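Below is one structure, written out as structure tokens; comments come after it.
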Amino acid sequence: MQREIKNNAKIVDRFLKKYFRNQNYSNLIPAMEYGTLFGGKKIRSTIILNTAKIFNLNFSKVINICAAVECIHSYSLIHDDLPCMDNDKLRRGKPSTHAKFGESTAVLAGNSLLTMAFEIITDKKYKVKPAIKVILLKKLAECAGHTGIAGGQFLDLSYEKRKIGVSKITNMQKKKTGKLFEFCCLAPSIVSRKNNLTKRDMSIIGEELGFLFQIADDLLDIKGSKKNVGKPVKKDKKKGKSTLIKLLGYKKTLEFAFRRKKMIIDKLKKYGNKSKKLIQITDFILDRSY
């Protein structure tokens, strides 16, 4: 699975490099490329590609979606690392974007990646019907904005050094991380024009995958190494972050995560052999060391 993830990352990076080259050059391009291309698992792209297998979609139908999602994700990381947010100086094993280029450039590069994501979906070379593109744009906007990533980050910051219950932590993490994963599973079902029941199923699976990914990240903050993770560890406790580990303890959180993983896999099994790769990525998310 690690090899597959690395290969998929290279594919998406090649697409993005070409896309950057075809942009009208601006002084923000180097910071945008730095925050997007160099490092990172691009696991969201692998989820999109593996979900596409369930719906018999070829590569050309989802590569733009992969690239757009990675732009959204990278924008969120650039902004999360800012001194006014989490103030992290290391990301993906290298200086964070603001540490290398300065805060104002990082803000503008993040904003530009956010808008470029929508440009990638609407690109005339992306051979998907205009009506489908509109639906994809609306869903991506919902997952990136105040009802998704941005709203989740707001809650994450506002919950620091406070005693927060399980339901609120779950809601926060499903917004901050789960919503973009939700889009990763939902988008291929939209492109394949599946019925609303299937779309609902994919939304739930994706959101739960994202929630599981965030729990795994929190577990790595406790037991992971800075070298493997590519960013500082043991920082959640220092910052007073509200996590399930803080509330339940490491062991009970791990048990909680295994139950969530089983639930996701049980939902995927109904799609038969076509969901095999997505089940493997579900296992990887919780078992990973980086």
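Read-outs: derived from the displayed coordinates by stated rules, not from any lab. None of these values were measured; they are calculated from a predicted model. Backbone-built Cβ (ideal geometry, glycine too); neighbour counts: all protein chains shown.
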With bins of 5 Å, the percent of all Cα-Cα pairs of region 2-287 per bin from 0 is 1, 6, 12, 17, 19, 18, 13, 8, 4, 1, 0
Charge tally for neighbours of Ile245 with beta carbon under 11 Å away, counting Lys, Arg as +1 and Asp, Glu as -1, is +2
With the label point 7 Å along the Cα-to-beta-carbon line of Lys124 and a cut-off under 20 Å to each amide N, the hits in region 55-71 are 61, 64-65
Any chymotrypsin sites (Phe, Trp or Tyr not before Pro) in region 35-72 that lie in a DSSP loop and have at most 12 other Cβ atoms within 10 Å would be Phe38
So Lys138 and Asn24, fully extended at 0.36 nm per residue minus their Cα-Cα distance, gain in nm 38.5 nm
Taking 0.36 nm per residue of separation between His146 and Ala99 and subtracting their Cα-Cα distance, the length gained on full extension comes to 14.3 nm
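Report the GluC sites (Glu not before Pro) located in region 113-179 that are in a DSSP loop and have at most 14 other Cβ atoms inside 10 Å of their Cβ, or state none.
Glu160
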Taking N as the residue count of region 1-68, its alpha carbon Rg divided by 2.2 N^0.38 Å gives 1.18
Cross-link reach from Lys42 to aspartates and glutamates, straight Cα distance under 13 Å and at least 8 residues apart if same chain, gives Glu4, Asp13, Glu70
Going through Lys89/Lys133; Lys129/Lys174; Lys61/Lys235; Lys10/Lys194 one by one, the pairs whose alpha carbons sit over 32 Å apart turn out to be Lys89/Lys133; Lys61/Lys235
